[in-house]
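To start, the structure under review is shown below, and the notes come after it.
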Amino acid sequence: MIRAATPGDIPEIHAMVRELADYEREPDSARATPQQFHDALFGPDPAVFALIAEDDTLGAPVGFALWFRNFSTWTGTHGVYLEDLYVRPHARGGGHGKALLAGLAAICVERGYERFEWSVLDWNEPSLAFYRAMGARPQDEWTVQRLTGEPLRALAEQARVNKATSLSN
């Protein structure tokens, strides 16, 4: 069963994010707290959403998809960006991952969103094969760019300096 996440799912979402970070060989990078997940998903202005996959017999969460809306200036429509998809190892092969993706595809179609996108690590062959089998295609001509840490702060400082300079003129 696939359903929208509720505040009661926060501990499981947090645990599965930690499990995903271990799988992706980045356990120390997953620093988000349960409170941060709660605020992002259920605060006064949620900008992130989640679907939960439950085991059909026990009703226990076995996977999740965390997503947010993006926007295409070319199509003039929103889309879905899948930040994380995770199914616990014991539940893999049971159709939960495909059901989560189908749920997100249904959101796109129902809302008139024209794109459903995500990133996958280039070494994650099982996931790449899974996505290809559903018809997903890589956007090889695009590369992801990211600013974090000191480079992010340095660029932000440039904006602060530019703003101070323009105010003094």
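Report, by residue number, each residue of the stretch 112-169 that is of a type in the set (Lys, Arg) and at pLDDT below 85. Walk me through it before giving the result.
Restricting attention to the stretch 112-169, the residues satisfying the condition of being of a type in the set (Lys, Arg) are 115, 132, 137, 146, 153, 160, 163.
146, 160, 163, listed by residue number.
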Subset of the stretch 115-140, residues at negative phi and assigned to a loop (DSSP other than H, G, I, E, B), comes to 119, 120, 121, 122, 123, 124, 134, 136, 137, 138, 139, 140
Taking residue 10 as the residue in question, decide whether it is touching a helix residue (DSSP H, G or I) at 6+ places or on another chain (Cβ under 9 Å), assigned to a helix (DSSP H, G or I) and crowded, with 18+ Cβ neighbours inside 10 Å.
yes
Lone qualifier among 132, 115 - being closer than 25 Å to residue 41 by Cα and surrounded by 11 or more Cβ atoms within 10 Å (Cβ to Cβ):
115
Please tell me if residue 28 is within 29 Å of residue 149 (Cα to Cα), open to solvent by 20 Å² or more (accessible area, probe 1.4 Å), out of contact with any strand residue (DSSP E or B) (no Cβ under 6 Å at 6 or more places or on another chain) and assigned to a helix (DSSP H, G or I).
yes
Across (1) open to solvent by less than 90 Å² (accessible area, probe 1.4 Å); (2) more than 30 Å from residue 59 (Cβ to Cβ); (3) under 15 Å from the mean Cα position of the chain (by Cα), residue 82 clears everything bar (2)
If you take the residues of the stretch 13-25 that are out of contact with any strand residue (DSSP E or B) (no Cβ under 6 Å at 6 or more places or on another chain) and assigned to a helix (DSSP H, G or I), which of them is nearest to residue 104 (Cα to Cα)?
17
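The values are calculated or read from the model by the stated rules, or taken from the named source; none is laboratory data. The shown structure was predicted, so the numbers you read here are calculated from the model rather than taken from an experiment. We place every Cβ from the backbone using ideal geometry, glycine too, and count neighbours over all the protein chains shown. Side chains are part of the model used for accessible areas, which takes the heavy atoms of the whole protein and leaves out ligands, DNA and RNA. Shrake-Rupley method; radii C 1.70, N 1.55, O 1.52, S 1.80 Å.
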